[in-house]
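First the structure, in the form of structure tokens, and then the observations on it.
The values are calculated or read from the model by the stated rules, or taken from the named source; none is laboratory data. It should be emphasised that the depicted structure is a prediction, and the values quoted were computed from it without experimental measurement. Every residue, glycine as well, gets a Cβ built from its backbone with ideal geometry; the counts of neighbours run over all protein chains shown. All accessible areas refer to the heavy atoms of the entire protein, side chains included, with ligands and DNA or RNA removed. Shrake-Rupley method; radii C 1.70, N 1.55, O 1.52, S 1.80 Å.
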Amino acid sequence: MEILCGEKLCELFASCVNSKPLKRAERYRVGVDLGTANVVVAVLDEKGEPVAGKMQRAQVVRDGLVVDFVGARSIVARMIEELNEELETELTEGACAVPPGTGKADSKATMYVVESAGLEVLNIVDEPTAASKVLGISDGAVVDVGGGTTGISVLKEGRVVYTADEPTGGTHFTLVLAGHLNISFDEAEAMKLDGKNQKKLFPILKPTMEKVADIVKRHIRGFEVDTIYLVGGASTLHGLKEVVESITGVRAVVPGYPLFVTPLGVALSCP
Ligand SMILES: Nc1ncnc2c1ncn2[C@@H]1O[C@H](COP(=O)(O)OP(=O)(O)OP(=O)(O)O)[C@@H](O)[C@H]1O
Ligand SMILES: [Mg+2]
């Protein structure tokens, strides 16, 4: 059985997110990624191929931890309901993710959101480790620059040997921009997301990129890392890859569709 890996998996998922399901299956593997910026539900078939997905911007989680339980529950419940209708099935099980180092109580809050939305949680994984499953790598560092945090996971011969998470991510870039240009958060976010602007915003955002790069450098110290895989929504920001390379001295790679790598990894973590 050929297992789809990396970019192809993400490309297929991108084609069905918030759109029509690609196919039906006997059994589904469901991943729920409750992020600071986005809630994503990914549905795969038993072979790990994308079937359907939902994604919505939401502010129900801060720095990886649930701050609006009711809001989070209702978003996930609606997504599951819609998926059930579209797939003419009843999804009953899934996996979810938390940032590395999340304590038991906070992991439980994430689990309760998913369970109260109707899915029994079969596995809770950490985000960059989930991402590494999609990248199909056995060595290197996976760095998930999400909305609220930067998560790092170091892999050695297929095993995760170290994980860490620190609160700097896409939201911080937006806040810096809003402060610098004296505009609202939403205006700054729209400006940042427009690819045409990113080159000229680089000087304003560079210090925050250096902060992300310093975090990575600090956490991979002591490990032999020859490639850093940058995933998460903020990883495509113009110049970030180069800043990470210059500060860490390690080659960095940004895969296609970095926004979907972690959510798909969460679904693949569903047994
Ligand atoms: N093309 C882009 N260029 C720059 N930033 C982007 C782009 N697309 C998304 N982002 C940023 O990525 C962030 C969202 O990424 P992602 O969905 O990976 O985060 P999350 O999983 O919700 O957050 P976290 O993992 O930190 O809890 C937002 O801050 C958004 O502004
Ligand atoms: Mg995330």
Among the residues of the stretch 25-46 satisfying the criterion of being small (Gly, Ala, Ser) and within 15 Å of the chain's Cα centre (by Cα), which is nearest to ligand 2 (Cβ to nearest atom)?
Gly35
Need the failing condition index for Val176 against (1) among the hydrophobic types (A, V, I, L, M, F, W, C); (2) within 15 Å of ligand 1 (Cβ to nearest atom); (3) within 20 Å of the chain's Cα centre (by Cα), just the number.
(3)
Provide a single number: the residues in the stretch 201-235 that are within 16 Å of ligand 1 (Cβ to nearest atom), within 21 Å of Val160 (Cα to Cα) and open to solvent by 10 Å² or more (accessible area, probe 1.4 Å).
2
Test Glu82 against the stated conditions and say whether it is more than 21 Å from Ser19 (Cβ to Cβ), modelled with pLDDT of 95 or more, part of a helix (DSSP H, G or I) and touching a strand residue (DSSP E or B) at 6+ places or on another chain (Cβ under 8 Å).
no
State whether the residues of the stretch 76-89 include one that is within 30 Å of Ala141 (Cβ to Cβ) and more than 16 Å from ligand 1 (Cβ to nearest atom).
no
Residues of the stretch 57-72 being within 12 Å of ligand 1 (Cβ to nearest atom), surrounded by fewer than 24 Cβ atoms within 10 Å (Cβ to Cβ) and in contact (Cβ under 8 Å) with a residue 24 or more places away in the chain, in sequence order, are Val60, Arg62, Asp63, Leu65, Val66
Flag for Val41 being among the β-branched types (Val, Ile, Thr), modelled with pLDDT under 95 and open to solvent by less than 10 Å² (accessible area, probe 1.4 Å):
no
